[in-house]
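Peer 1: One structure, pasted below without further comment.
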Amino acid sequence: MNAPGIGATRYIGQRVPRKEDPRLLTGRGQFVDDITLPGMLHVAFARSPIARGKILSIDTAAALELPGVHAIYTNTELAAIKVEMLSFYLTPPTVPITPLANGSVAYVGDPIALVIADDRYIAEDAASLIEIQYEEEDPVVTISDAKTGAPVHAGTDNNIAAIMGVEEPDEDLEAILHSAPCLVTHRVTHQRIAQSPMETRGVIVTREGAEELTLYITCQSPHMIARYVSLALGLPDTSIRVIAKDVGGSFGLKNHPWREEMSVIIAGLLFGRPLKWIEDRVENLTSANQAREQEFLVRTAFDANGRLIASHGDYSVNNGAYPQGADCNIAVHMFMWAAYKMPAYAFLTRGWYSNTVGLAAYRGPWAMESLARETALDIAARRLGLEPIELRRRNLVTLTDQPLTTPFGIPLGDITPAECLEKLLETLDVAAFRVEQAEARKQGRYLGLGVAAYIEPTGSAGSIATMTGELAQLRIEPTGKVTATMSTHSQGHGTQTTMAQIIAEKLGVAYEDVTVFEGDSSRGGFSPGAAGSRQGVIAGGATIKASELLAEKVKTLASHLFNAPVESITIENGMVHIAGAKEMTRSLRAIAEIAYGEPARLPPGFEAGLEAQYRYTPPPMTFTSAAHACIVEVDTDTGFVKIQRWISCEDCGTIINPAVVEGQIAGGLAQAIGTVLLEEMSFDARGNPTAVTYKDYLLPSISDIPDFEYLHACTPSQSVGGIRGVGEGGAIIGPPTLVNAIADALAPFGEVPVELPLTPVKLLGVIEGRSLAHKAPEPVAVAAAAPLPAAAPPAPPPSAPSSAAADGMWKMILSTPMGPQEMKGQFITNGTLLTGTLFSDVGDQEFEGSITGNSLKWDLKVKKPISLTLKYDVQIDGDNLTGKVKMGFFGNAKLTGERLP
Amino acid sequence: MSNHDIELTINGRRFAGSVEARKTLSDFLRIDAGYTGVHVGCEHGVCGACTVIVDGRAVRSCLMLAVQVNGAEVKTVEGLAAPDGTLHPAQQALRDEHGLQCGFCTPGVLMTMAVLTAGNAKPSEESLLAALSGHICRCTGYQGIRRAVKRLAGENL
């Protein structure tokens, strides 16, 4: 709703043309590779051709002789500048990570040396002249290799990168599962995905003296890059400016710099001339972090009427060698049954290290929950003889069930997946489709209908250090035009458009008169940018609040200038009107010229100028709901899938621009279709990637994607403006919708194993009742145990067990669902009594507990992100401690620590 | 490595350069001539982002060498709009139909559309879609591009 007296023209909800398009359509965008700086040199990397091994020697002599080569750096040279490779949560890594390989390589493509040369051609020539000798070792490639193979990282006991949940079976839950009238045991295998932004990674670094550093980098937020680089390099005294005007897509890949970008930045600091690195596509497909390689075994019990009774999930995700934050994807379990009436759910969730390129984010990182749940529900429906829609009606949380709190402690107040499903069914005649399907089958044509429903947390803020609010800074310039500097960032999201729409409507000015600036860390304030479907919700709210503040300022000034009551003043289309006094109508420019230039005419205490800013922090989570349906025909001669119809019904609250919303849904769905039918980043048994070009890694083309139909439910959220996020939904709900349609089409032949991608060969296997897929190569014989590094220091002698061994100050890292949390703990023992204090970013907390020998136990109640009692169980071994913390429904989290001097 | 002198027309203006034989047309247009609207997405001829018009034909400038365009007329996305700034019908169609998001693949898409609609030709929707299947867009799900295709094919939306 408009505040009274503000602009009559509605822009929110309109398909206005995008502000970004005139430059992008005419080749005037500014992507990182479009920048050229005086004296700039070019970087190329020499990379490992093997997945695992020791580096015996690096000979750069021949490469250095090549004319045009200026320098070659290995990790030895880069080590002159200390760097800590942080996660997205800005926490330190769980295994040592260096920008360039440090004595060994852990995946094919591992960067070993960096060449600085006159141009990229010469740099690549030189990189190929570097001679590197290796002692090759057997790699750990797949999740199953990781479970049994030698540890990828020296000094670790196994390949578990992160673990939560409960390893021991819960006897009560097992009894429920096994005695249920219908138990669906469902194994889902998800292939590895390359995010594949059309613009690859790239960075330009230029050091301007000791105190200034400027980066041009393709990213998801210049502010996030500046924060990351400052902390990773410990450069608090250096002003870091990050510029990224246009970015050619990201989809999670460019959240923060990783090994190559940090190598180039450090090389730039060392070499002192501007350096440019632009990743090529082969590098992008082999060396840029990837996502989604997962296995999920879900067992779900139903009563005879199809109502959910209980479920258990055993989940694994391949973290590769150097993930951007070791991850066991707890969000999969948090949202697995959040929108369903599920009485009991337990899980074990693990992330595994392997000799493959590391794990990064990809649009809807927890999407496996929707794929596993929604496909399991359809299997159950087939077994129970129910229409899949009816099974969902019996189990989905409806608006009348709310408010409620999920077993994970997530409060639900306004989710609408059930309502979206009903709205969808007003457009989709299921009964008519079933008749058509039956007729088609008689003719040997196999049609299928797939339906799925889900909810998604969007606009998250306040629980994770980097997931903050958003800042809007608005000015009415002395010209009367309006400019905004925002913390938002677009990689195609169109925030320069949507934020301008809000400003135009809320301030009462023409859309054409509003300009939004973003893409420069020297403008606006911190935000992580486009991550977690957050900008519409949070920056939208910030923009509304800042516009209201600025409108009030204009009205206060006009009231003073014209001696009229504030209530009588309106701003419409850039003109300030006073009710009943047409002759006193003034342009915003006239008012602004006074506000800036004639201080004597301002009211007492009025700050000169027309500027306002607001940083908005929304509720911790804003939920988006959706139900989708698609109809396919599977050709039983070829195994090809033709998508005939796809209907999306999403509830993303207040819509700022339907074209932008539908663009986000369509883009996500296209990626979903690629995931289900085409894309596959795979490795051979030696860890060699087998899809290294776009001829092997198949992205959907225009002929693979149907026309989508959109229905919008528009239930306003609790955030300012009522907006809900929509960036990731299509990529989350798309895969189960399509898999369910294929499974429905092929139901007469049996169940379709959910092993993505569902290639024609796999589907023909189902149709012909025999596996036609390539027999998987026998797992490589993995050495029973990796030889320990020769230089491993001897373990310190265990200290004598005594309670006093615990006393003192400890640095600890707790692996929580929101990423590793660093804290300090002070322990004081007195006999068996333990007292202490934990010091962390969220504040200091005192506790009491007990000590027995070297074993410490205490409980701690926390309020953030939800109310929980944390049960600490810690063992002290000399100057190190290890333990676990039971965190209610989140299961167990690992704690490690060391004594502080 | 020897250099070769070449002379050509880019967007109606004469341009002379000296290039190594191995230099791709895309690098030449971007780096030597400054037409950074030519976007390089894969450098192996699949994604289509680098498509430019050489003597009236759409080519992937990452797969052509600069020495091969000696004497040719080259058009890049920068030369598509009229000198007064009026957008080319393909540009206008993509703008009106929200046919782009990040805009990285857009120049290539536009050049293919421009070649097929040159001289007020009204190609069939099928032939436009067939040509555009050689362009990868990771953002839009192709919905706006399809609507633009329908317009360029002269169909009522």
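Peer 1: With +1 assigned to the C-beta of every Lys and Arg and -1 to the C-beta of every Asp and Glu, and no other charges, what is the dipole magnitude of segment A:803-899 about the Cα centre in debye, to the nearest 20?
Peer 2: Value, rounded to 20: 360 debye.
Peer 1: Same structure, new question: Rounded to the nearest percent, how much of the accessible area of segment B:89-152 (1.4 Å probe, protein heavy atoms only) is carbon and sulfur? All intermediate terms of the calculation are to be shown ahead of the outcome.
Peer 2: Values: 960 of 1860 Å².
Carbon and sulfur: 52 percent of the exposed surface of segment B:89-152.
Peer 1: I would also like to ask the following. Using Cα centres only, tell me the gap between segment A:687-706 and segment A:81-158 in whole Å.
Peer 2: Between the Cα centres of segment A:687-706 and segment A:81-158 lies a distance of 25 Å.
Peer 1: Which whole-number value in Å² is the accessible area per residue of the protein assembly as shown, probe 1.4 Å?
Peer 2: 37
Peer 1: Quick one: with all protein chains in place, what share of the accessible area of segment A:803-899 is carbon or sulfur, to the nearest percent (1.4 Å probe)?
Peer 2: The nonpolar share, carbon plus sulfur, comes to 50 percent.
Peer 1: Where does the charge balance sit around A:Thr622 when Lys and Arg score +1, Asp and Glu -1, over other residues with C-beta under 14 Å from its C-beta?
Peer 2: -4
Peer 1: Still on this model: Work out which residues of segment A:250-286 lose at minimum 20 square angstrom of accessible surface when the other protein chains are put back, relative to the chain isolated, with a 1.4 angstrom probe, and list them by number.
Peer 2: A:Phe251, A:Arg281
Peer 1: Next up: With a cap of 11 neighbouring Cβ atoms within 10 Å, and only residues DSSP puts in a loop, list the trypsin sites (Lys or Arg not before Pro) found in segment A:638-729.
Peer 2: Details: sites: A:Lys642, A:Arg645, A:Arg686, A:Lys695, A:Arg724; in loops: A:Arg686, A:Lys695, A:Arg724.
Sites meeting the loop and neighbour criteria: A:Lys695.
Peer 1: Sort largest first and round to whole Å: the equivalent ellipsoid semi-axes of segment B:1-67, each the square root of five times a Cα gyration tensor eigenvalue. It would help to have the intermediate numbers written out before the result.
Peer 2: Values: eigenvalues 66, 41, 21 Å².
Taking √(5λ) for each Cα gyration eigenvalue gives 18, 14, 10 Å.
Peer 1: Take the Cα coordinates of segment A:432-511, assign each an equal point scatterer, and use the Debye formula without solvent to give log10 I(q)/I(0) at q = 0.12, 0.18, 0.24 Å⁻¹.
Peer 2: Taken in order of the listed q values, log10 I(q)/I(0) reads -0.62, -0.89, -1.17.
Peer 1: Follow-up question, since we're still on this one. Can you tell me how segment A:326-451 classifies by the Cα gyration tensor, rounded, prolate or oblate, using a/c under 1.5 as the rounded cut?
Peer 2: Because a/c hits 1.5 or more and a/b fails to exceed b/c, segment A:326-451 counts as oblate.
Peer 1: Quick one: putting +1 on the C-beta of Lys and Arg, -1 on the C-beta of Asp and Glu, what dipole do you get for segment A:384-476 around its Cα centre, in Debye to the nearest 20?
Peer 2: 300
Peer 1: Then there is this: Projecting each Cα onto the charge dipole of the protein assembly as shown (Lys/Arg +1, Asp/Glu -1 at the beta carbon, about the Cα centre), which of A:Thr497, A:Leu669, A:Tyr73 comes out farthest on the positive side?
Peer 2: So the residue furthest toward the plus end is A:Thr497.
Peer 1: If you don't mind, there's one more thing I want to ask. Determine the equivalent ellipsoid of chain A by diagonalising the alpha-carbon gyration tensor, then write out the semi-axes as square roots of 5 times the eigenvalues, largest first, rounded to whole Å.
Peer 2: 42, 38, 31
Peer 1: Could you give the distance between the Cα centres of segment B:1-64 and segment A:312-338, to the whole Å?
Peer 2: 45
Peer 1: Right, another one. Throw me the Rg/Rh for segment A:246-303, computed over C-alpha atoms with Kirkwood Rh, two decimals.
Peer 2: Looking at segment A:246-303, the ratio lands at 1.25.
Peer 1: List the relative contact order of chain B as a percent without decimals, with contacts defined as Cα pairs under 8 Å and 6+ residues apart.
Peer 2: Numbers: 285 pairs, mean separation 36.0, N = 157.
Relative contact order here is 23 percent.
Peer 1: With point charges of +1 on the Cβ of Lys and Arg and -1 on the Cβ of Asp and Glu, referenced to the Cα centre of segment A:1-123, which listed residue (A:Leu86, A:Leu114, A:Thr98) lies farthest in the positive direction of the dipole?
Peer 2: Going by the Cα projections, it comes out as A:Leu86.
Peer 1: If you don't mind, there's one more thing I want to ask. Over chain A, what is the relative contact order in percent, taking alpha-carbon pairs closer than 8 angstrom and at least six residues apart? Don't skip to the answer; put the middle values down first.
Peer 2: Details: 2208 pairs, mean separation 128.8, N = 901.
In percent, rounded to a whole number, it is 14.
Peer 1: Considering only A:Ser648, A:Thr60, A:Tyr362, whose Cα is most displaced toward the positive end of the charge dipole of chain A, charges sitting on Cβ of Lys, Arg (+1) and Asp, Glu (-1)?
Peer 2: Checked the options; the winner is A:Ser648.
Peer 1: Another question, then. Using a probe of 1.4 angstrom, how much of the accessible area of segment A:554-709 is carbon and sulfur, in percent?
Peer 2: On the way: 3150 of 6090 Å².
Carbon plus sulfur share of accessible area: 52 percent.
Peer 1: A further question follows. Could you give the C-alpha radius of gyration of segment A:247-344 expressed as a fraction of 2.2 N^0.38 Å, taking N as the number of residues it contains? All intermediate terms of the calculation are to be shown ahead of the outcome.
Peer 2: Working: Rg = 20.9 Å, N = 98, 2.2 N^0.38 = 12.6 Å.
Cα Rg divided by the expected 2.2 N^0.38 Å: 1.66.
Peer 1: For segment B:89-152, count all C-alpha to C-alpha pairs, find those more than 18 Å apart, and express that count as a whole percent of the total. Write down the numbers at each step before the final one.
Peer 2: On the way: 427 of 2016 pairs.
I get 21 percent for the Cα pairs in segment B:89-152 exceeding 18 Å.
Peer 1: When the helix-only estimate is applied to the protein assembly as shown (DSSP H runs of n ≥ 4, each -39,500 (n - 2.57), divided by the residue count), what is the mean residue ellipticity at 222 nm, nearest 500 deg cm²/dmol? Write down the numbers at each step before the final one.
Peer 2: Numbers: 24 runs with 255 residues, N = 1058.
Computed mean residue ellipticity for the protein assembly as shown: -7000 deg cm²/dmol.
Peer 1: State to the nearest 20 debye the size of the charge dipole of chain A about its Cα centre, where the only charges are +1 on K and R beta carbons and -1 on D and E beta carbons.
Peer 2: Values: 73 positive and 102 negative charges, 290 e Å.
For this selection, approximately 1400 debye.
Peer 1: Do you know the relative contact order of segment B:8-62, to the nearest whole percent, from alpha carbon pairs under 8 angstrom that are 6+ apart?
Peer 2: RCO, segment B:8-62: 25 percent.
Peer 1: In square angstrom and rounded to 100, what buried accessible area do you get between chains A and B, total over both, with the probe at 1.4 Å?
Peer 2: 4200
Peer 1: Would you mind giving the mean number of other chain beta-carbons within 10 Å of the Cβ of each residue in B:141-150, as a whole number?
Peer 2: The mean count of partner-chain Cβ atoms within 10 Å per residue comes to 6.
Peer 1: Counting only other residues whose beta carbon sits under 10 Å from that of A:Tyr446, what net charge do I get with K and R as +1, D and E as -1? Write out the running numbers ahead of the final one.
Peer 2: Numbers: positive: A:Arg441, A:Arg445; negative: A:Glu633, A:Asp635, A:Asp744.
Spelling it out: positives minus negatives among the neighbours equals -1.
Peer 1: Express in Å², to the nearest 10, the accessible area of A:Ile647 obtained by rolling a 1.4 Å probe over the protein heavy atoms while all chains stay in place.
Peer 2: 0
Peer 1: Let me ask something else. Over the Cα atoms, compute the radius of gyration (one decimal) and Dmax (the largest Cα-Cα distance, rounded to a whole number) for segment A:803-899, in Å.
Peer 2: Radius of gyration, then largest Cα-Cα span, for segment A:803-899: 12.3, 35 Å.
The values are calculated or read from the model by the stated rules, or taken from the named source; none is laboratory data. None of the values given here were measured: they were computed from a predicted structure. Don't worry about glycine lacking a Cβ; one is built from the backbone with ideal geometry, like all the others, and counts go over all protein chains shown. Please note that ligands, DNA and RNA were not included when accessible areas were found on the heavy atoms of the full protein model with its side chains. Shrake-Rupley method; radii C 1.70, N 1.55, O 1.52, S 1.80 Å.
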